[in-house]
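Structure first, then comments.
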Amino acid sequence: MGNSYVFEGKTTNEAIENGLKELKVSKNKVDIKVLESEEKRSFFSILTPRVVKVELTLKDNEEAVEKPEKTTYKKEERVVEFDRNLVKEKMEKFLEEFVKHLPQGNITYKVEIIDNDVHVEINGDDTGYLIGYRGEVLNNLQTILTNIASKDLDCKAKILLNIGGYREKREKDLENLACKIAGTVIKTRKAITLEPMSAYERKIIHLKLQDNDKVETHSIGDEPYRKVVVALKK
């Protein structure tokens with residue numbers, strides 16, 4: 001029997017896809033065992049992070065491909081076609097009921113189609129509990145919205161959720177951090193490993209520094225503890 005690896009995700013499919021991507025193999029090359037399955041969750045259980053674990057075992061004579069250290073992102077990604085106006089209507093219907101059940105009043109929402117994506121904006125006097133530590137709750141809510149929007153579609157809708165301007169603030173903070181860390185690495189000539197970040201946050205670091213002619217970045221570790229390493233170019 002081949003080697004076994006454990007991977008995590010917010011859903012069983014996501015955990016499996018994470019594993020296949022990390023091992024760089026197709027689904028028919030592994031045996032899959034669900035260690036922690038999804039369970040039915042209430043409407044507001046999105047406030048509690050969910051982690052699904054799966055074990056992928058490489059079939060006989062199959063080997064995992066060594067993961068490349070450096071990650072390169074394209075600034076422009078392929079556009080997935082779906083009926084954005086229909087998705088916009090579904091989001092507005094969902095959010096109308098959602099805000100009625102929130103403990104704080106004065107919560108507003110706006111759904112717009114911008115650059116072929118469906119943007120959802122939520123604002124209010126106190127929305128911190130909808131953002132959570134480092135945006136954990138916000139990311140879970142975005143996943144829920146994406147699943148709702150993608151139901152009955154032939155593809156996965158792209159929903160971009162922002163709450164209280166968090167995305168802009170966080171992106172600016174991370175870009176400033178990337179520049180500061182790059183300067184330290186250049187000065188000390190020693191690599192620096194950042195704290196664990198989500199894929200969205202790691203991508204911001206990689207994009208900010210990918211054109212830097214003195215440092216390079218790569219990610220290490222497994223989700224949800226994957227980290228960015230900033231090092232001098234060899």
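The values are calculated or read from the model by the stated rules, or taken from the named source; none is laboratory data. Note that the coordinates shown come from a computational prediction; the quantities given were computed from them, not determined experimentally. Ideal geometry is used to build each Cβ from the backbone, glycine not excepted, and the neighbour counts take in all protein chains shown.
Values computed for the structure shown
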{"item": "Yes/no for K100 being surrounded by 18 or more Cβ atoms within 10 Å (Cβ to Cβ), out of contact with any strand residue (DSSP E or B) (no Cβ under 7 Å at 6 or more places or on another chain) and more than 30 Å from E216 (Cα to Cα)", "result": "no"}
{"item": "Segment 180-191, residues that are hydrophobic (A, V, I, L, M, F, W, C) and more than 30 Å from T143 (Cβ to Cβ)", "result": "A182, V185, I186, A191"}
{"item": "Test result for E96, more than 22 Å from the chain's Cα centre (by Cα), over 29 Å from P196 (Cβ atoms) and either in a strand (DSSP E or B) or not assigned by TED's automatic domain parsing to the domain that holds N13 (or both)", "result": "yes"}
{"item": "Extreme residue, farthest from the chain's Cα centre (by Cα), among residues of segment 211-232 that are polar (S, T, N, Q) and either assigned to a strand (DSSP E or B) or at positive phi (or both)", "result": "T217"}
{"item": "Selected residue (criterion: farthest from Y200 (Cα to Cα)) from residues of segment 105-144 that are more than 20 Å from the chain's Cα centre (by Cα) and of a type in the set (G, A, S)", "result": "G105"}
{"item": "Selection within segment 203-214 - without any contact (Cβ under 8 Å) to a residue 40 or more places away in the chain and under 20 Å from K172 (Cβ atoms)", "result": "I204, I205, K208, L209, D211, N212"}
{"item": "Looking only at segment 145-163, and only at residues there that are over 15 Å from the mean Cα position of the chain (by Cα) and farther than 30 Å from T193 by Cβ, the one that is surrounded by the most Cβ atoms within 10 Å (Cβ to Cβ)", "result": "A149"}
{"item": "In segment 104-120, the residues that are at pLDDT below 90 and either within 20 Å of G165 (Cα to Cα) or among the aromatic types (F, W, Y) (or both)", "result": "Q104, G105, N106, I113, I114, D115, D117, V118"}
{"item": "Residues of segment 81-97 satisfying the condition of being farther than 11 Å from A149 by Cβ and in contact (Cβ under 8 Å) with a residue 40 or more places away in the chain", "result": "E81"}
{"item": "Number of positions in segment 4-36 that are over 28 Å from H101 (Cα atoms) and either at pLDDT below 75 or of a type in the set (D, E, K, R) (or both)", "result": "11"}
{"item": "Test: residue in segment 214-228 that is farther than 23 Å from K21 by Cβ and surrounded by fewer than 15 Cβ atoms within 10 Å (Cβ to Cβ)", "result": "yes"}
{"item": "Check on E201, modelled with pLDDT of 95 or more and not aliphatic (A, V, I, L, M)", "result": "no"}
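Residue by residue, here is whether (1) modelled with pLDDT of 95 or more; (2) of a type outside the set (K, R) holds:
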| site | (1), (2) |
| --- | --- |
| G132 | no, yes |
| N140 | no, yes |
| D154 | no, yes |
| A178 | yes, yes |
| Q210 | no, yes |
| K214 | yes, no |
